[in-house]
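I have placed the structure first, in the form of structure tokens, so that the comments after it can refer back to it.
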Amino acid sequence: MQSNMIVFCHYYNEAYMLQWWLKHHYPLFDHGVMIDYGSTDNSNMLIRQLAPNWEIRRSRNPVFDIAACDQEVMEFEREFTGWKMVLNTTEFLCIQHKYAFLHQLNQQGQFIYRTTGVTMADPWGVYSDPSPDAPLVKQRYHGIYRYENIFRDRFIHQYPDGAYGPGRHQSFHPSESYIPGAYMLHFRFSPWNEEMIRRKLFIQTRIPQSDKDKGWGAQHFVDRPELERVYYETAAKAEDLRNRDDMRWIFL
């Protein structure tokens, strides 16, 4: 049985989210491989401070070419054995007890599982800016359960690699089973502030024209008025997740 978990994450100038993401995931994973796309902020300094035993690897890709990015991630996955997971800096895995979770993964007998995706969105005017000194999941609790269906699920697996489709939203391994009690909080519109708005509008500048021509990552190609329109539409549907019996433990 596998007894360790490894996380892979690629980033470019993600210090704002990494200040919470690293503190959240460092206790959950036995090892991390952080893939840097040439950051010029203090992302790498934060990793060395908050996750001192994890690796920082420089990506060979100059931009976020989706196919090339996924291929590189899978090459890194093949170097390791154990349960593997690939996350973005806006994706937070939430489980109650690490070793009980590992036991559950091993006992159910499959090699890949889905975690349940939840889209986080701040209702307008409810929150102030979050503190870097407290867990983000204790400061933000509005979202939509499985709002984007399978496209916000992420996989945890013990294959050599995840055999991912574009963007890692699907896998060509058999992958229909969900692992109970494992949630993937995608902070899509949370925290909703100028820092996150700038982040969202910047991402499109790092995606090559070839991906745009294929229609990949279309959600990133928006101007500010369109981004705000989608935010308001999404946030209007967000519920207080503390009222859900299955998820209350995450936020309290």
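A compact table of results
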item	result
Pairs with Cβ under 7 Å, 6+ apart, first in the range 44-59 and touching a residue at least 12 places away in the same chain (Cβ under 8 Å), second open to solvent by 50 Å² or more (accessible area, probe 1.4 Å)	Asn44/Ile56; Ile47/Ile56; Leu50/Lys23; Leu50/Tyr26; Ala51/Tyr26
Residue list for the range 6-27, filter: under 20 Å from Gly162 (Cα atoms) and in contact with a helix residue (DSSP H, G or I) (Cβ under 7 Å, 6 or more places away or on another chain)	Val7, Phe8, His10, Tyr11
Counted residues, the range 68-94 - those being among the β-branched types (Val, Ile, Thr) and surrounded by 21 or more Cβ atoms within 10 Å (Cβ to Cβ)	3
Flag for Asp70 being in contact (Cβ under 8 Å) with a residue 12 or more places away in the chain, among the acidic types (Asp, Glu) and outside any helix (DSSP H, G or I)	no
Selected residue (criterion: least open to solvent (accessible area, probe 1.4 Å)) from residues of the range 21-67 that are among the charged types (D, E, K, R) and in a loop (DSSP other than H, G, I, E, B)	Asp65
The range 1-20, residues that are of a type in the set (A, V, I, L, M) and part of a strand (DSSP E or B)	Met5, Ile6, Val7
Condition broken by Ile203, with the remaining ones in (1) under 24 Å from Glu228 (Cβ atoms); (2) modelled with pLDDT of 95 or more satisfied	(2)
Residue that is touching a Pro at 6+ places or on another chain (Cβ under 8 Å) and of a type in the set (Lys, Arg), where the choices are Arg57, Arg78	Arg78
Yes/no for Pro132 being touching a helix residue (DSSP H, G or I) at 6+ places or on another chain (Cβ under 6 Å), more than 20 Å from Glu233 (Cα to Cα) and at pLDDT below 95	no
Tabulated pairs, the range 80-97, first of a type in the set (Gly, Ala, Ser), second in a loop (DSSP other than H, G, I, E, B), C-beta under 8 angstrom, 6+ apart or interchain	Gly82/Gln2; Gly82/Ser3; Gly82/Asn4; Gly82/Asp30; Gly82/Gln158
Subset tally (residues that are in a strand (DSSP E or B), under 23 Å from Phe76 (Cα atoms) and either open to solvent by 40 Å² or more (accessible area, probe 1.4 Å) or without any contact (Cβ under 8 Å) to a residue 12 or more places away in the chain (or both)) for the range 162-191	0
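One line per residue, one yes/no per condition, for (1) more than 21 Å from Trp249 (Cβ to Cβ); (2) hydrophobic (A, V, I, L, M, F, W, C); (3) modelled with pLDDT of 90 or more; (4) in contact with a helix residue (DSSP H, G or I) (Cβ under 6 Å, 6 or more places away or on another chain):
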site	(1), (2), (3), (4)
Pro123	yes, no, yes, yes
Ile150	yes, yes, no, no
Gln158	yes, no, yes, no
Glu176	yes, no, no, no
Gly181	no, no, yes, no
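Yes/no per residue for (1) surrounded by 14 or more Cβ atoms within 10 Å (Cβ to Cβ); (2) in a strand (DSSP E or B):
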position: Thr116; (1), (2): yes, yes
position: Met120; (1), (2): yes, yes
position: Ser128; (1), (2): no, no
position: Arg140; (1), (2): yes, no
position: Ile144; (1), (2): yes, yes
position: Ile156; (1), (2): yes, yes
position: Pro160; (1), (2): no, no
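The values are calculated or read from the model by the stated rules, or taken from the named source; none is laboratory data. Computed from a prediction, not measured in an experiment: that's the story for all the values here. Cβ atoms come from the backbone with ideal geometry, glycine included; neighbour counts cover every protein chain shown. Areas reflect the complete protein model, heavy atoms only, side chains present, ligands, DNA and RNA absent. Shrake-Rupley method; radii C 1.70, N 1.55, O 1.52, S 1.80 Å.
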